[in-house]
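The values are calculated or read from the model by the stated rules, or taken from the named source; none is laboratory data. Predicted, not measured: the structure shown is a model, and the values here were computed from it. All Cβ positions, glycine included, derive from the backbone under ideal geometry; neighbour counts span all protein chains shown.
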Amino acid sequence: MRCLVTGGTGFVGSNIALALQEQGHEVLITGNESEQPVPQFIGKCLYPGFLGIDFDAIGKIDVLFHQAAINGTRVSDEKEIMRANYYASKRLFEYVLENGCKKIIYATSTAVYGNNPAPYKENDRLNPQTPYAESKVLLEEYATALANSNQDVTLVGLRYCNIYGPRENHKGTRATMIYQFAQQMLKGNPKLFKYGEQKRDYIYVKDVVQANLLAAASDSSCIVNCGSGKATSFNKLVSMLNALLGIARTPEFIDNPFVESYQDYTECDMTMARERIRFVPAYSIEEGLMDYFKSGFLV
């Protein structure tokens, strides 16, 4: 199978590319040298990244795993976000379909639910609160229309929740709070928004890779949640990291400057993902943290 992974030097994209490579597939990636090196990857990398992609170098592919995006939820430049996340994605989808690709797996986000009450279900009313979330809603609408007009093509959108794991360390403030807390706790007490009871549905990156592979094996177009199905509070994370790292840090609580658009509680209903693409997360938060720690990427 010949695959293209956009965002292949990014967090999720690099993990997908390496998994595909391990399975023996021919893998192309788009990459950006400002992200991270992926020395284990031996396929072709198309620089300088998704927005500067050389379409002629792609050729025919069997599956597109589209991960590239401006994914900073606090980025306010709506025009630039739409250019990257929506219009450039449309152009890529059209190109690969015109050249014989029949499967497109693309990253969307639970940010499309906004401040809806959790647990999120795929048929909930969407409530995007940021330009990033709005770009994902538009991409979903386009992909759905594309699937409806091309019955021989499968398009699966995965609404990612909070993904953590190896190869997120280059993301800085866009890395999960799991990684950020660990880095803070190695030096001192972690800083939490008052009073640490905000909850997040954290999904381990190895589970996300598996969701992508299962989506690629599906013959049914759909949009499904991609989370663990269980939320964990920030206070609980600090407690778990203390035990894992062998330290005893105490949270320092600070005001939340993003209170008006902040999601206090995210959690996915994973029923439809199980029914449509047979995806069931394998890692609990405890198992994911332990595997992350053993990987050497957490500290």
Legend entry - Residues satisfying the stated conditions in the stretch 104-144, i.e. assigned to a helix (DSSP H, G or I), aliphatic (A, V, I, L, M) and under 11 Å from SER221 (Cβ atoms): ALA143
Legend entry - Residues of the stretch 182-222 satisfying the condition of being of a type in the set (S, T, N, Q), farther than 18 Å from GLU287 by Cα and assigned to a helix (DSSP H, G or I): GLN183, GLN184, ASN212
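Yes or no, residue by residue, for (1) under 20 Å from the mean Cα position of the chain (by Cα); (2) closer than 18 Å to PRO281 by Cβ; (3) without any contact (Cβ under 8 Å) to a residue 24 or more places away in the chain; (4) in a helix (DSSP H, G or I):
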residue: ALA147; (1), (2), (3), (4): no, no, no, yes
residue: GLN151; (1), (2), (3), (4): no, no, yes, no
residue: VAL156; (1), (2), (3), (4): yes, yes, no, no
residue: ARG159; (1), (2), (3), (4): yes, yes, no, no
residue: ILE163; (1), (2), (3), (4): yes, yes, no, no
residue: ARG167; (1), (2), (3), (4): yes, no, no, no
residue: GLY172; (1), (2), (3), (4): yes, no, yes, yes
residue: GLN180; (1), (2), (3), (4): yes, no, yes, yes
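Check ALA182, ALA143, ALA111 and return the single one that is of a type outside the set (D, E, K, R) and either surrounded by fewer than 21 Cβ atoms within 10 Å (Cβ to Cβ) or closer than 30 Å to ARG2 by Cα (or both).
None of the others qualify; the one that does is ALA143.
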Inset, instruction - Tell me which residues, restricted to the stretch 22-40, are surrounded by fewer than 19 Cβ atoms within 10 Å (Cβ to Cβ), of a type outside the set (D, E, K, R) and at pLDDT 95 or above. - result: GLN23, GLY24, HIS25
Inset, instruction - Pairs only if they're at least six apart or on different chains, beta carbon under 8 angstrom, first in the stretch 116-135 and among the basic types (Lys, Arg), second outside any strand (DSSP E or B); list them, first residue then second. - result: LYS121/ASP269; LYS121/THR271; LYS121/MET272; ARG125/ASN116
Inset, instruction - Could you tell me whether the stretch 57-75 includes any residue that is part of a strand (DSSP E or B), under 19 Å from THR9 (Cα atoms) and β-branched (Val, Ile, Thr)? - result: yes
Legend entry - Hey, MET270 hydrophobic (A, V, I, L, M, F, W, C) and crowded, with 16+ Cβ neighbours inside 10 Å or not: yes
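Quick grid of which residues meet (1) buried (at least 20 other Cβ atoms within 10 Å of the Cβ); (2) out of contact with any Lys or Arg (no Cβ under 9 Å at 6 or more places or on another chain); (3) more than 17 Å from VAL137 (Cβ to Cβ); (4) charged (D, E, K, R):
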{"residue": "ILE42", "(1), (2), (3), (4)": "no, yes, yes, no"}
{"residue": "LYS79", "(1), (2), (3), (4)": "no, yes, no, yes"}
{"residue": "MET82", "(1), (2), (3), (4)": "no, yes, no, no"}
{"residue": "TYR87", "(1), (2), (3), (4)": "no, yes, no, no"}
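Against the condition out of contact with any helix residue (DSSP H, G or I) (no Cβ under 6 Å at 6 or more places or on another chain), touching a residue at least 60 places away in the same chain (Cβ under 8 Å) and crowded, with 16+ Cβ neighbours inside 10 Å, how does LEU97 come out, does it pass? Explain how you work it out, then say what you get.
Values: out of contact with any helix residue (DSSP H, G or I) (no Cβ under 6 Å at 6 or more places or on another chain): yes; touching a residue at least 60 places away in the same chain (Cβ under 8 Å): no; crowded, with 16+ Cβ neighbours inside 10 Å: yes.
It is false that LEU97 is out of contact with any helix residue (DSSP H, G or I) (no Cβ under 6 Å at 6 or more places or on another chain), touching a residue at least 60 places away in the same chain (Cβ under 8 Å) and crowded, with 16+ Cβ neighbours inside 10 Å.
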Inset, instruction - Using the structure shown, decide if ALA19 is outside any loop (DSSP other than H, G, I, E, B), farther than 19 Å from GLU168 by Cα and of a type in the set (A, V, I, L, M, F, W, C). - result: no
